[in-house]
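Working notes, beginning with the structure itself.
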Amino acid sequence: MDLNLRKAIQNNVAGHNEEQLEATITEAIQSGEEKMLPGLGVLFEMYWQQASEDEKEGILNKLEEEVGKL
């Protein structure tokens, strides 16, 4: 059996509008379930691949800030 989790997640959110995507992200975070993390990772990957260098730098700065709080 060939399971491509990344493709399955992409197919699951294909065609979602902004509200649906926000609901998906919010639900994944609020549930705290480990099984939701791959979906968030795929969404982040999709964003990252299309982000400008300025957007990437902003994300990295924010992540560094948040990681520093741990």
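Would you call Gln49 assigned to a helix (DSSP H, G or I), surrounded by 10 or more Cβ atoms within 10 Å (Cβ to Cβ) and modelled with pLDDT of 95 or more? No; evaluated as a whole, the condition is false for this residue. Suppose the filter is part of a helix (DSSP H, G or I), surrounded by 10 or more Cβ atoms within 10 Å (Cβ to Cβ) and touching a Ser or Thr at 6+ places or on another chain (Cβ under 9 Å); does Gly39 pass it? Criteria met by Gly39. Contact annotation: residue pairs with Cβ atoms under 6 Å, 6 or more positions apart or on different chains, pairing a residue in segment 1-23 that is touching a residue at least 24 places away in the same chain (Cβ under 8 Å) and closer than 18 Å to Gln49 by Cβ with a partner that is surrounded by 11 or more Cβ atoms within 10 Å (Cβ to Cβ) and of a type outside the set (Gly, Ala, Ser), are Leu5/Pro38; Arg6/Val42; Ile9/Val42.
Tallying residues that are exposed (fewer than 12 other Cβ atoms within 10 Å of the Cβ) and either outside any helix (DSSP H, G or I) or touching a strand residue (DSSP E or B) at 6+ places or on another chain (Cβ under 9 Å) (or both) within segment 10-36 yields 5.
The values are calculated or read from the model by the stated rules, or taken from the named source; none is laboratory data. Every value quoted in this text rests on a predicted model; they were computed, and no experiment measured them. Positions of Cβ are backbone-derived with ideal geometry, glycine not excepted, and every protein chain shown enters the neighbour counts.
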